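The values are calculated or read from the model by the stated rules, or taken from the named source; none is laboratory data. Predicted model, so just to flag it, every value in this text is computed and none were measured. In this analysis, Cβ positions are derived from the backbone assuming ideal geometry, glycine residues included, and neighbour counts consider all displayed protein chains. In case anyone asks, the SASA skips ligands and DNA or RNA and just uses the protein heavy atoms, side chains included. Shrake-Rupley method; radii C 1.70, N 1.55, O 1.52, S 1.80 Å.
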Amino acid sequence: INTPEKKMPYSNYATDFLKRTIENKNIELLRGYTDEDKYNRKLRYIFYENRFINLEILEQGFATSFMIVGLKNENKLRKAENSARNNKIGLWEESSNECKDCIILEKIECENEYFVLRNNCDFLCNLSAWLIKDDANHFFKLSILNAFESRSYNSDINEIKKTKDVWNNEGDRFFMRDGKGKLVVFREVCG
């Protein structure tokens, strides 16, 4: 699972949930198909008193699934995430921003590492507090989009992490969130 980074919207929900549920308690850790990810983080399933904690975090919308293809509990984890998404809870809560219906993902080009956003409304949308995120943790900051304007964003201008290879060509996800962390656009892309 992938919980939000520290200081990002909803990060405190996942942290608080874990503190309430497992802090200072004996837990069982089960290794997944690989020991660590590319950032040397240990990849584990967490169990406490017959509770599958990873699953509960997904069900409550405090995380999204990540790198689960071929994992032992893939179907359970996907169902938990889909439940949170269908119920629009946590990270899946929809934006109520006036620009949420204006801004569309017009195109994403994974091979060439860019995407295009369009403002379909007849008024300016200030997106300076909004973020784009892929399935990992590559973020893009946005700016103003004028009425009916389209703008291309290249991973070379990824303002938070200077990364060229953002979109996983074998399958990735596109999340656009407003300044409060509420979901504006979600798409499964590049696969």
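At-a-glance table
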| read-out | value |
| --- | --- |
| Rounded to 10°, Cα long-axis angle of helix 11-22 versus longest principal axis of the chain | 10 |
| Probe 1.4 Å, accessible area per residue of the range 46-140, Å² | 49 |
| Relative frequency of Cα-Cα separations exceeding 13 Å in the range 7-60, percent | 65 |
| Cα coordinate range in the range 43-191, projected on the principal axes (Å, largest first) | 53, 32, 23 |
| Within a Gaussian network of the chain (alpha carbon springs, distance under 10 Å), most fluctuating of Asn24, Asn154, Asn168 | Asn24 |
| Neighbourhood charge, 12 Å Cβ-Cβ cut-off, centred on Leu29 and excluding it, Lys, Arg +1 and Asp, Glu -1 | +1 |
| Simple Cβ-charge dipole of the chain, Lys/Arg +1 and Asp/Glu -1, about Cα centre, in debye nearest 20 | 600 |
| More than 23 angstrom apart: percent of Cα pairs within the range 1-122 | 45 |
| Angle in degrees between helix 74-86 and the longest Cα principal axis of the chain, rounded to the nearest 10 | 50 |
| Top of Tyr33, Tyr114, Tyr45 by mean-square fluctuation, Gaussian network on the chain, Cα under 10 Å | Tyr33 |
